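We did not get these values from a lab; they are worked out from the coordinates using the rules stated. Predicted model only: the values in this text are computed from it and were never measured. Cβ placement follows ideal geometry from the backbone for every residue including glycine, while neighbour counts extend to all protein chains displayed.
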Amino acid sequence: MNALPAEFLEDWADREPLAALSTVDSNGTPNVIWVLCLHLIPENACLMIADNAMDKTRSNLEAGSPGALVMLALPRRAWQLKGKLSYYSEGALFDDMKHGWLDSSFPGRGVVRMELQELWQGAELLWQRDERE
C-alpha cells in the first residue's frame, strides 16, 4: 500500500476536533453532519468514525453512499478525505471502538469505516489509493 503523506499525518495529529462528514441518499440528496470521534489507522489507510447519532447518514450508508470528510488542521489548512464507507454495529471494528479509542461518555451505536481513496489539501490531490489494492 502506498503510505499516507507525512504532511497529512502531521496535520492529523494537530487538527481541530470537529470534522464534517458528507454522504448522499439514493436520490443524490446530500447530507452533512458534524463528527467528533475519529480514529485513523494509517497502515490500512482507513478512518474510523463513531456513530453517536447518525440516522440519515446510516440510511445513506445502507444505500451504498461514498463519503467525504473535511477536517481543518492548524493553522487553518483544510483537508478533504474521500472514500468508501461501511458500517458495523458488531464485530472486531465495533469492539475496538467501544473498548479502545471511543470515550465512554459517547454512546457509540456503531462505527463507520472509511477506506480512504483520496486525500486533498485544498484543490490539490496529494494522495490516492493504488488501484491495484
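Observations on the structure shown:
- Gyration tensor (alpha-carbon) shape descriptor, segment 6-128, a/c threshold 1.5: oblate
- Extension gain from V70 to N52, taking 0.36 nm per residue of separation minus the Cα-Cα distance: 4.7 nm
- Cα centroid separation, segment 88-133 to segment 1-60: 6 Å.
- Relative to the Cα centre, the charge distribution of segment 6-128, modelled as +1 at Lys and Arg Cβ and -1 at Asp and Glu Cβ, gives a dipole magnitude of about 280 debye.
- Once the chain from T29 to E10 is taken as fully extended at 0.36 nm per residue, the excess over their C-alpha distance is 3.5 nm.
- Top positive-direction residue, dipole computed over segment 6-128 with Cβ charges, set C37, W101, A63: A63
- In segment 85-133, trypsin sites (Lys or Arg not before Pro) in a DSSP loop with at most 11 other beta-carbon atoms within 10 Å: R132
- Theoretical gain in end-to-end length, S89 to W101 [0.36 nm per residue, Cα-Cα removed]: 2.8 nm
- Rounded if a/c under 1.5, otherwise prolate or oblate - segment 39-110, Cα gyration tensor axes: oblate
- Net charge of the neighbourhood of N31, taken over other residues with C-beta under 15 Å away and scored Lys/Arg +1, Asp/Glu -1, is -2.
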